[in-house]
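Visitor: Just passing along the structure, written as structure tokens.
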Amino acid sequence: MENKPVVVGIDGSAAALDAVRWAAHEAILHATRLTIVCCVDDDILALSDYPWPDRYYEQLKEHAQKDLAEASSVAVSEILAAGSDIAVDTRMLLCDARIGLQRFAATAQVLVVGAYGETRRASGLLGSVAEAVSTHAGCRVVVVREQLDSVRESMPNTVVVGVDGSRCSELAVESAFEEASLRNASLLAIHAWNFKKIQSVFSTDHRALSWKETRTAEEAVLSESLAGQSDRYPDVEVTQQVHNSDPVGALRDAGDNACLLVVGSHGRGGFTGRLLGSTSRALLHTVTCPILVVRA
């Protein structure tokens, strides 16, 4: 991975500060600088008939500067506590956050965002910015949910990766091995599908499918998908699991006991041209640990 910066987007929410903490440690692991970005969108003033106060836009920028200062302070504290000296810089962009953050995709090795801002905190639903950058950004994207310190400290040192043999999956496996190696973490590789659905596909030609035979074949696919990276990262302890279940459920459950879940943006079952597959999209909305989405 070339030494591009880690970029994190903020909006003043608690989830954003958790994203800053995560991004700071990611930058330390990759020995690169951290860039903190806050966007101020003035389009709302032009598109609304509401009588905004004359200084409203200036106040928005003042709040953004305060948010950047707070986020920078949090990042520097994390960096100093880790005994590192990586650089931290801040940027304020005058545009919609969904557009502004994607501008950094070409120059960032990973883009980090909180799962939701203050407007979505009560519902817990994925925010529009997190969904937009996960869908469209040209670099790897990490979405971080707000977590209590007690939960974060007790989280097992395990990276989970979803494997299905697609090109995106290959890149996800590569990223997962790298992240596990940098964290001195173990790696859990999961390959899952619904066997009953497979049986129904072949029911018309009366071919009988054996779960045992299918499992053996898919275990071989999983092992082959990991072989090259296992040789490259011999320090990473790998556990392989094959599940006869919905991939979303299997990966979500594994993510409950992981420090990071890694998935491809879409898999071998995705429609051509789709930017984000159904599995990765569902996991973005439901997983509790940080999730890294890798795009081909």
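Visitor: Anything in the range 36-81 that is of a type in the set (Gly, Ala, Ser) and at pLDDT below 95? List them, or say none.
Guide: Matches in the range 36-81: ALA46, SER48, ALA64.
Visitor: Taking into account only those residues within the range 278-295 that are small (Gly, Ala, Ser) and more than 10 Å from the chain's Cα centre (by Cα), which is nearest to ASN257 (Cα to Cα)?
Guide: My answer is ALA282.
Visitor: Which of (1) at pLDDT below 95; (2) part of a strand (DSSP E or B) does VAL262 not meet, given it meets every other one?
Guide: (1) is the only condition that VAL262 fails.
The values are calculated or read from the model by the stated rules, or taken from the named source; none is laboratory data. From a predicted model like this one, the values you see are computed outputs, not experimental measurements.
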